[in-house]
Amino acid sequence: MSVALAAPNGAIDARDERLRVMVVDDSAVIRGLISRWIEAEPDMFVVASLRTGREAVEHVARVDPDVGVLDIEMPELDGISALPLMLAKKRDLVVIMASTLTRRNAEISFKALSLGAADYIPKPESAREIGAAETFRRDLIQKIRHLGARRRRAKPVPHGPPLVPAPGGAHVSPRPPAPVSAGQFTRRPFGATAPRVLAIGSSTGGPQALMALVTEIGPVIDRFPVLITQHMPPTFTTILAEHLARASKRPAHEAVDGETVKAGQIYVAPGGKHMRVARHGADIVVALDDGPQINFCKPAVDPLFQSAAAVWRGGVMAVVLTGMGTDGMRGGKDVVSAGGNIIAQDEATSVVWGMPGAAAQAGICAAVLPLGQIGPKLVRVFSGDRS
């Protein structure tokens, strides 16, 4: 057994506002690397570094983490088996599944989301890759910070001086953003132009939100094309498209460069490529782009929204679902400028109210709705009700 539990001076100060993180991975190299990254941030620290899922289940109640980073493939008890046992002992635990980019692990990660995991993150496949994986480090720290902050938001937190950036320039958002009430942002009236396409952008929490949404918008999918950009790596987007097809009972696939965009189809931006649309004669086609990251993402939502606005003008109905950052806000401004409409998911039902919150606060949304109301609203809007 290899267990490292944090207990400075024999106890951890209950007033400590930093996020408490449990790291569970059978690789000592990866455990050490992730732990060092976490300890370098002033708003979080490691309460346990564990080798197996069994150790995680045994210690989760005692070390009381806010966030757990849980490997999938481990001896004694793997991550997918340990997950429900950990949540049974600590229901409000935020679990981020970590896995290498294989089809099997992508499938397991999707299963983990259905079992209560908050999110997933792809790990580089070797220790050599890990050492150079700045993207992995940035994404992991952001997920811990934002998902942990959401959990803390429901708890009373002692007041104290705000944390300051660490030496060396670490970027920190130690406290969750203050909730924004409906009266604090401006809503635009729905445009008069009939929508001709549905474009959706999502990130953290997006897979679960997309599954719920597509089950409710069958009449829209049947008559109009649906284009989705979800922040995801390759392989994961393949699995996402398959899950969306099963959930919606409509055709869904990763978009192919140059294919014609047609009604009755769901097109998913493939991991590692930006998805745009363009006119090609009388047709509208998919244009995949292997350019640099936009908003630290690839695929990114802004290219989809911006190109859709250029092609369909006022006929774009765009939806911004749960996710970190502000991706989709700039493209959403282009949609609105062209006469189209934006709906954003509300804060209460978002796993992270970053992307939809940015759109709402930019004043570009015609509606900000709970996830369960977005589907019915889309069906009404595409049927002619634009009130």
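None of the figures in this text is laboratory data; all of them are computed from the coordinates on show. Bear in mind the structure is a predicted one, so any value in this text is a computation, not a measurement. Don't worry about glycine lacking a Cβ; one is built from the backbone with ideal geometry, like all the others, and counts go over all protein chains shown.
Using only alpha carbon pairs under 8 Å that are at least six residues apart, calculate the relative contact order of the chain and give it in whole percent. Display every interim value, and only then the final one.
Numbers: 835 pairs, mean separation 50.8, N = 387.
In percent, rounded to a whole number, it is 13.
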- prompt: Assuming R0 = 35 Å, what is the FRET efficiency of Glu76 and Ser383, from their Cβ-Cβ distance, to the nearest 0.05?
  reply: 0.05
field: Segment Arg36-Glu17, length gained on full extension (0.36 nm per residue, minus Cα span)
entry: 4.9 nm
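Once you compute Rg and the Kirkwood Rh from C-alpha atoms, what is the Rg to Rh ratio for the chain?
Values: Rg = 21.2 Å, Rh = 21.6 Å.
Taking Rg over the Kirkwood Rh, I get 0.99.
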field: Where labels lie 7 Å past Cα in the beta-carbon direction, separation of Leu101 and Thr215 in nm
entry: 3.1 nm
Amide H within-cut-off set for Gln265, under 5 Å, with H built and near neighbours excluded: Val226
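Once you order the gyration tensor axes a ≥ b ≥ c over the Cα atoms, which shape class does region 185-382 get: rounded for a/c under 1.5, otherwise prolate or oblate by comparing a/b with b/c?
Numbers: a/c = 1.20, a/b = 1.13, b/c = 1.06.
Verdict is rounded for region 185-382.
Tell me which trypsin sites (Lys or Arg not before Pro) from region 312-374 have a DSSP coil assignment and no more than 14 other beta carbons within 10 Å of their own. Mind dumping the intermediate values first?
Working: sites: Arg313, Arg330, Lys333; in loops: none.
Passing both the DSSP loop test and the Cβ count: no residue.
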statement: In the chain the DSSP beta bridges are antiparallel at a rate, in percent to nearest 5, of 20 percent
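Of Met324, Met97, how do they rank once you tally other Cβ atoms within 10 Å and put the fewest first?
Met324, Met97
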message: If a paramagnetic tag sat 7 Å from the Cα of Ala282 along the Cα-Cβ line, which residues of region 248-270 would have the backbone N under 16 Å from that point?
response: 260-263
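Please tell me which of these pairs span more than 28 angstrom C-alpha to C-alpha: Lys123/Lys273; Lys143/Lys377; Lys333/Lys377; Lys90/Lys273? Can you show the working numbers first?
Values: Lys123/Lys273 19 Å; Lys143/Lys377 30 Å; Lys333/Lys377 21 Å; Lys90/Lys273 38 Å.
Checking Cα-Cα distances, Lys143/Lys377; Lys90/Lys273 exceed 28 Å.
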task: Restricting to region 244-387, compute how many DSSP beta bridges are antiparallel as a %, nearest 5.
output: 45 percent
- prompt: Got a sec? How would Phe224, Phe45 order by Cβ neighbour count within 10 Å, fewest to most?
  reply: Phe45, Phe224
query: How far, in degrees from 0 to 90, does helix 103-115 lean away from the longest principal axis of the Cα atoms of the chain, to the nearest 10?
result: 90 degrees
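When the dipole is taken about the Cα centre of region 185-382, and only Lys, Arg (+1) and Asp, Glu (-1) are charged at their Cβ, what size is it in debye, to the nearest 20?
Approximately 520 debye in magnitude.
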statement: Heads up, region 268-331 by the C-alpha gyration tensor (a ≥ b ≥ c square roots of eigenvalues; a/c under 1.5 rounded, else a/b over b/c prolate, else oblate) looks oblate
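Which value in deg cm²/dmol, rounded to the nearest 500, describes the helix-derived mean residue ellipticity at 222 nm for the chain, given -39,500 (n - 2.57) per DSSP H run of n ≥ 4 and division by the residue count? Display every interim value, and only then the final one.
Details: 13 runs with 140 residues, N = 387.
So the helix-based figure for the chain works out to -11000 deg cm²/dmol.
Region 194-280: which trypsin sites (Lys or Arg not before Pro) are DSSP loop and have at most 13 other beta-carbon atoms within 10 angstrom?
On the way: sites: Arg196, Arg223, Arg246, Lys249, Lys262, Lys273, Arg276, Arg279; in loops: Arg196, Lys249, Lys262, Lys273.
When the trypsin sites (Lys or Arg not before Pro) of region 194-280 are filtered for loop state and at most 13 Cβ neighbours within 10 Å, Lys249, Lys262 remain.
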query: Of Val379, Val285, Val352, how do they rank once you tally other Cβ atoms within 10 Å and put the fewest first?
result: Val379, Val285, Val352
- prompt: Near Ile284, within a Cβ-to-Cβ distance under 13 Å, what is the net charge of the other residues, with Lys and Arg +1 and Asp and Glu -1?
  reply: +3
statement: Counting only DSSP beta bridges with both partners in region 215-312, the antiparallel fraction in percent, to the nearest 5, comes to 60 percent
message: Through the Karplus equation 6.51 cos²θ - 1.76 cosθ + 1.60, θ set to phi - 60°, convert the phi angles of region 278-286 into ³J(HN,Hα) values in whole Hz; use x for Gly and Pro.
response: 8, 7, 9, x, 7, 9, 10, 10, 7
query: Let a ≥ b ≥ c be the square roots of the eigenvalues of the Cα gyration tensor of region 3-153; is it rounded (a/c under 1.5), or, if not, prolate (a/b larger than b/c) or oblate?
result: rounded
- prompt: Can you list residues whose amide H is under 5 Å from Ile284's amide H, if they're 5+ apart or on another chain and H is modeled 1.01 Å from N?
  reply: Val261
- prompt: Given springs between every Cα pair under 10 Å in a Gaussian network model of the chain, which of Arg36, Arg187, Arg145 has the largest fluctuation?
  reply: Arg36
